[in-house]
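Structure first, then comments.
The values are calculated or read from the model by the stated rules, or taken from the named source; none is laboratory data. These numbers come from a predicted model, not from an experiment. Because the Cβ atoms are built from the backbone with ideal geometry, glycine has one as well, and the counts that use them run over all protein chains shown. We work out accessible area using only protein heavy atoms, side chains counted, and drop any ligands, DNA or RNA first. Shrake-Rupley method; radii C 1.70, N 1.55, O 1.52, S 1.80 Å.
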Amino acid sequence: MSEKKELTSEIRAATGVNVNRCYQCGKCSAGCALNESMDYPPSVVMRMLQTNSAESFDKTLRSQSIWLCASCQCCIARCPMQIDIPRLMDYLRARALEKKTVNRNSKKIVAFHRAFLDSVKYTGRLYEVGLVVGYKARTLSLLQDLSVAPRMLMKGKLPLIPERVKGRKLVKKFFQP
Amino acid sequence: MKTGFYPGCSLNGTSPEYAQSTLALSKAFGITPVEISDWSCCGATAAHNLNHELAVALPARVLALAEQQGFSQILVPCAACYNRLSVTQHALNGSEEQRNALAKTLQMPLSGKLRILNVMQFIEEFIAEKIAEKIVTPFAHKVACYYGCLLVRPHSVLQFDRPEDPQSMDALMAKIGATPISWGYKTECCGAGFSISRTDVVAKLSGKIVKDATERGAEAIIVACPMCQSNLDMRRPHIDSYLKMKTSIPVIYITQAIGLAVGISRKELGLEKLFVPAKNF
Ligand code: SF4
Ligand code: SF4
């Protein structure tokens, strides 16, 4: 019982969201554009969190859903209880990273975010070529996506030289825990 | 009043035509937004996916720089940046403790009172009134106004337009002689930041948008977000193979559309940079 109480209150303390307010109307899942690609629709993730069992919680942390959520905010806009699912998804992602339970089929998504942030960390701004190189190194998907690069270059949409922000030292500091 | 300009990484990299057309349009109406000096990335989707603190600190630096450089309002044409900056300012205004701590780290002011304008708000405020007298070639086309997610949601924070069936872009397009269609995908997600990591998801979500616009007879999709634009435009080969049909509807920035109507050259508006050509405009 004590463990039961802990999970939902832990979530509430970290995110401000009381998962028990969800009454399973399903509106969030009906409107979620990513629903079809997810393993658990958003309302099911809500239900899993409500059960308060460590096992269900762990399942959400291993799901694809949390990585496929695009933070489009459609669910909260339509939820009759205004439950902040996108905020919950952020929280679940952080926990999954911490516990190293990132879904196997979602590793590319995480690799992309990491490569993106690496680029910002060192220069202060996104450097697209560095992002793609970093992403490919992380995912070993060397040939994927090279088809658009030449046209992007031709149209001046792929700068080859990174810009460096003067305040980048401070920016880099933000990355340290 | 000096208006700051925050291009953000997309306008600075993969979507230069959005920056170009925004500045060309401003100039035509006698306004010169000034680029915020030494701006850095807002963190985009990546930061709030992986690191909550970073997702606040990165936008906070931009807000603080703008304040330090004496701007009381900034124009942020990228919908994703507009969203991140607005959400961050809102969050910091809810926690004085966090705001003060960040101001200290940044060693810059962070009053939380900056006006953050998206491109429609900017056009409404500085340009809309004078459009009629400047029109050279009316934009006489059927268009699908596509807002995406980040301009209108979360409504409680952004307080811009309405979260379902928004109207601001439709109204502006009507002002230049266009006929905005009524359709179902105005604020449906295009697949956002999954362009590289899950191209299949983008093909599907953007595919539905392109299909509905096409089937309802729109001649162009009008956008105000570089991420939406590149998903709908640059990913067209993937979209077409998902839809199993060849689509040819171009995806044009609102600043380009208005620019064309008031006689700015195609080159200045960067029209040749679109992947799906906008030949008939
Ligand atoms: S819309 Fe809200 S109340 Fe309904 S199932 Fe989803 S989270 Fe629960
Ligand atoms: S924010 Fe996430 S869960 Fe909610 S509708 Fe969008 S993609 Fe689905």
With a 1.4 Å probe and ligands and nucleic acids left out, the total accessible area lost when B pairs with A, in Å² to the nearest 100, equals 4700
1/(1 + (r/R0)^6) with r = Cβ-Cβ of B:THR137 and B:HIS90, R0 = 45 Å, i.e. FRET efficiency to nearest 0.05, evaluates to 0.65
Solvent accessible area, Å² - B:GLU133, 1.4 Å probe, full protein context: 150
I need the phi-derived Karplus couplings for segment B:265-281: 6.51 cos²θ - 1.76 cosθ + 1.60, θ = phi - 60°, integer Hz, Gly and Pro marked x. 5, 4, 5, 4, 8, x, 5, 6, 7, 6, 6, 7, x, 9, 5, 8, 10
Could you work out how far apart the two model spin labels at A:ARG78 and B:ILE31 are, taking each label as a point 7 Å from the Cα in the direction of the beta carbon, and quote it in nm? 3.4
Please give the helix B:52-68 orientation as an angle from the longest Cα principal axis of chain B, in degrees from 0 to 90, rounded to the nearest 10. 80
Heavy-atom accessible area of A:ASP84 with all protein chains present, probe 1.4 Å, nearest 10 Å²? 50
If you take each beta carbon of peptide B:38-45 and count the beta carbons of other chains within 10 angstrom, what is the mean? 6
What does segment A:3-102 give for Rg and for Dmax, in Å, if only its C-alpha atoms count? 12.2, 34
Give me the orientation-averaged projected area of the Cα convex hull of segment B:134-273, in nm², one decimal. 8.4
Other chains' Cβ within 10 Å of A:90-101 residues: what's the mean? 2
Scan around B:CYS41 for amide H atoms under 5 Å from its own, H built in the peptide plane at 1.01 Å from N, and keep only partners 5 or more places away or cross-chain. A:ARG125, A:LEU126
Phi to ³J(HN,Hα) by Karplus 6.51 cos²θ - 1.76 cosθ + 1.60 over segment B:130-141, Hz, x for Gly, Pro: 9, 4, 3, 6, 9, 5, 9, 10, x, 7, 7, 9
Against the longest alpha carbon principal axis of chain A, how many degrees, from 0 to 90 and to the nearest 10, is the axis of helix A:107-123 turned? 50
Over its Cα atoms, what ratio of radius of gyration to 2.2 N^0.38 Å does the protein assembly as shown give? 0.95
With unit charges on the beta carbons (Lys and Arg positive, Asp and Glu negative) and the dipole taken about the Cα centre of segment B:134-273, which residue among B:CYS189, B:ILE239, B:ILE135 sits farthest to the positive side? B:ILE239
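Average projected area of the Cα convex hull of chain A, in nm²?
Seen from a random direction, the Cα hull of chain A projects 12.5 nm² on average.
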For A:TYR122 paired with B:ARG266, estimate the spin-label separation in nm (one decimal), with each label point 7 Å from Cα along the Cα-to-Cβ line. 4.0
Work out the P(r) tail for segment B:3-119: percent of alpha carbon pairs separated by more than 16 Å, whole number. 57
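For segment A:1-87, which chymotrypsin sites (Phe, Trp or Tyr not before Pro) pass both filters: DSSP loop (anything but H, G, I, E, B) and at most 16 other C-beta atoms within 10 Å?
Hits after loop and neighbour filter: A:TYR23.
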Return one number: the angle in degrees, 0 to 90 and rounded to the nearest 10, between the long axis of the Cα atoms of helix B:199-215 and the longest principal axis of the Cα atoms of chain B. 50
Name the residues whose placed amide hydrogens come within less than 5 Å of the amide hydrogen of B:GLN73, ignoring near sequence neighbours (fewer than 5 apart) on the same chain. B:GLY4, B:ARG115
Within segment B:46-79, list the residues whose amide N lies under 17 Å from a label point set 7 Å along Cα→Cβ of B:MET1. B:66-77
Give me the aspartates and glutamates in straight-line cross-link reach of B:LYS279: C-alpha distance below 12 Å, same-chain residues under 8 apart excluded. B:GLU219
Non-local amide H neighbours of B:CYS190 (under 5 Å, H modeled in plane, Pro and chain starts lacking H): which ones? B:CYS149
Could you please tell me the mean projected area of the C-alpha convex hull for chain B, averaged over all directions and given in square nanometres to one decimal? 13.7
Assigned charges on the beta-carbon of Lys, Arg, Asp, Glu; the protein assembly as shown dipole about Cα centre (debye): 980
Placing +1 at every Lys and Arg Cβ and -1 at every Asp and Glu Cβ, with all other atoms neutral, what dipole size does segment B:193-261 have around its Cα centre, in debye to the nearest 20? 220
Once label points are set 7 Å from the Cα along Cα→Cβ at both B:GLU215 and B:LYS246, what is their separation, rounded to one decimal in nm? 2.1
Backbone HN-Hα couplings from phi across segment B:70-75 [Karplus 6.51/-1.76/1.60, Hz, Gly and Pro as x]: x, 8, 9, 9, 10, 9
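At a 1.4 Å probe, what is the % contribution of carbon and sulfur to the accessible area of the protein assembly as shown?
53
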Dipole magnitude of segment A:19-177 about its Cα centre (Cβ charges: Lys, Arg +1; Asp, Glu -1), debye to nearest 20: 660
Per residue of B:222-235, other chain Cβ atoms within 10 Å number on average 1
Using +1 at the C-beta of Lys and Arg and -1 at the C-beta of Asp and Glu, which of B:PRO7, B:HIS90, A:TYR127 has the Cα lying farthest in the positive direction of the dipole of the protein assembly as shown? A:TYR127
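Run lengths n ≥ 4 of DSSP H only: what is the helix-derived mean residue ellipticity at 222 nm for chain B, with -39500 (n - 2.57) per run over all residues, to the nearest 500? Numbers along the way, then the final one.
Details: 14 runs with 136 residues, N = 281.
Mean residue ellipticity at 222 nm (helix-derived): -14000 deg cm²/dmol.
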